[in-house]
Amino acid sequence: MPARSDSIGAELEPRSVAVTVRMLRAFAAGIGEVGDYTFDDTAPAFAASRAFCAALEWPVISHDRRTTLLDLTETELERGVHVEQDSIFHGVIRPGDKVRTSGKIVTVRETSAGALVEYKLSTVDEPEDTPLVTTWYKTILRGVGIKGSGGTFETSPSWPPDPGAGVRVIEIPVAKQAAHIYTECSGIWNPIHTEQEVAKKAGLPGTILHGTALWALAGRELVRVYGGGNPSCLMRLRARFRAPVVPGTVLTLRHCAIASDTDVHFTMHLKDGQVAVSDGYAAFVPRYGEVK
């Protein structure tokens, strides 16, 4: 049945989490971000990977209430494919923090591929409500229509244009078991990433790597190059997912920087040259100010 466009502006049920060392190290292991900052819990600067916010956001997006808001069946929701992630980081998440993630639906509109639904998610440190992360998350429900005219309640901030010059290249191997490892280490589960039958019924070539995993892998490499391995230097990370990535391949990350390495543009390509990730942008200190 069609997704309800009158759900635009509807609030998702918030979720509070007490952050533990185990959570942070598991997530970092799931994306291979195993440097001192994100994997050595005895280090003074030990903290969450920037991409860890995805593990906090997914339960809010996938909560049962989402089915009620959009008026879709569980089978229709399984046809959802993550197409864009844009996160702005305001603070650092550390073990012992109690954080709350809330969200709302800001876009429902029809596309040629299916219903596009966008969420705005906010993670804060309790009890002071200090902002930690703001994310815009887009998904397309393949083959699902919408009920109503559709529209947009709020959009993400703009970002600087890509200069299109000075491209540098990094090769990123993606193991055949990568989607399963990421699923278990992040707690982000959708059967299109772990079950071949479900993925193929959804019109995919097979099980595919999560969009947030691709986004996180790009962030991992860019932090190494432009942030000295320190994730707290990364202030914004966005990417658009253009083609499914079947694990067991090698991705090519192409990146270039402007403004003294504070603004970085990137794309990710499959072995045949097809663009898997476009419109990639990362902002490093001092563009958004240093995070304490």
Self-check item: Matching residues, segment 128-162, being in contact with a strand residue (DSSP E or B) (Cβ under 8 Å, 6 or more places away or on another chain), at negative phi and outside any strand (DSSP E or B)
Solution: 144, 145, 153, 154, 155, 156, 157, 159, 160, 162
Practice problem: Would you be able to say whether some residue in segment 262-269 is buried (at least 21 other Cβ atoms within 10 Å of the Cβ), at pLDDT 95 or above, within 14 Å of the chain's Cα centre (by Cα) and not aliphatic (A, V, I, L, M)? | Solution: no
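Looking at segment 247-254, is at least one residue closer than 15 Å to residue 281 by Cα and assigned to a helix (DSSP H, G or I)?
Scanning segment 247-254 turns up no residue that is closer than 15 Å to residue 281 by Cα and assigned to a helix (DSSP H, G or I).
For segment 181-193, state whether one or more residues are touching a helix residue (DSSP H, G or I) at 6+ places or on another chain (Cβ under 9 Å), within 26 Å of residue 133 (Cβ to Cβ), polar (S, T, N, Q) and not in a loop (DSSP other than H, G, I, E, B). Even if it seems obvious, please write down each step before you answer.
Start the filter on segment 181-193 by keeping residues that are touching a helix residue (DSSP H, G or I) at 6+ places or on another chain (Cβ under 9 Å), which leaves 181-193.
Checking the rest, the ones that are also within 26 Å of residue 133 (Cβ to Cβ) come to 181-190, 192-193.
Going one step further and asking which of them are polar (S, T, N, Q), we end up with 183, 186, 190.
Now drop any that are not not in a loop (DSSP other than H, G, I, E, B), which leaves 183, 186.
Yes, the conditions are met somewhere in segment 181-193.
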Exercise. For segment 67-81, name all the residues that are assigned to a helix (DSSP H, G or I), of a type in the set (D, E, K, R) and touching a residue at least 12 places away in the same chain (Cβ under 8 Å).
Key: 76
Quiz item: For the subset of segment 88-103 comprising residues that are part of a strand (DSSP E or B) and more than 16 Å from the chain's Cα centre (by Cα), which member is surrounded by the most Cβ atoms within 10 Å (Cβ to Cβ)?
Solution: 99
Quiz item: Taking residue 212, is it crowded, with 18+ Cβ neighbours inside 10 Å, at pLDDT 95 or above and closer than 16 Å to residue 87 by Cβ?
Solution: yes
Exercise. Search segment 153-177 for residues that are farther than 15 Å from residue 217 by Cβ and touching a residue at least 12 places away in the same chain (Cβ under 8 Å) and pair each with any residue that is surrounded by 12 or more Cβ atoms within 10 Å (Cβ to Cβ) and aliphatic (A, V, I, L, M) when their beta-carbon atoms are under 6 Å apart and the residues are at least 6 apart or on different chains.
Key: 153/8; 153/106; 154/106; 163/258
Quiz prompt | Flag for residue 55 being among the small types (Gly, Ala, Ser) and in contact (Cβ under 8 Å) with a residue 60 or more places away in the chain | solution = yes
Practice problem: Could you look through segment 271-288, keep only residues that are among the hydrophobic types (A, V, I, L, M, F, W, C) and surrounded by fewer than 18 Cβ atoms within 10 Å (Cβ to Cβ), and pick out the one that is modelled with the lowest pLDDT? | Solution: 285
Quiz item: In segment 255-285, which residues are free of Cβ contacts under 8 Å to residues at least 12 places away in the same chain and outside any loop (DSSP other than H, G, I, E, B)?
Solution: none
Quiz prompt | Conditions (1) farther than 19 Å from residue 187 by Cα; (2) in contact (Cβ under 8 Å) with a residue 12 or more places away in the chain; (3) outside any loop (DSSP other than H, G, I, E, B): number failed by residue 61 | solution = (1)
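The values are calculated or read from the model by the stated rules, or taken from the named source; none is laboratory data. Bear in mind that the values here come from a model prediction, so they are computed numbers and not experimental data. Neighbour counts run over all protein chains shown; Cβ positions are idealised from the backbone, glycine included.
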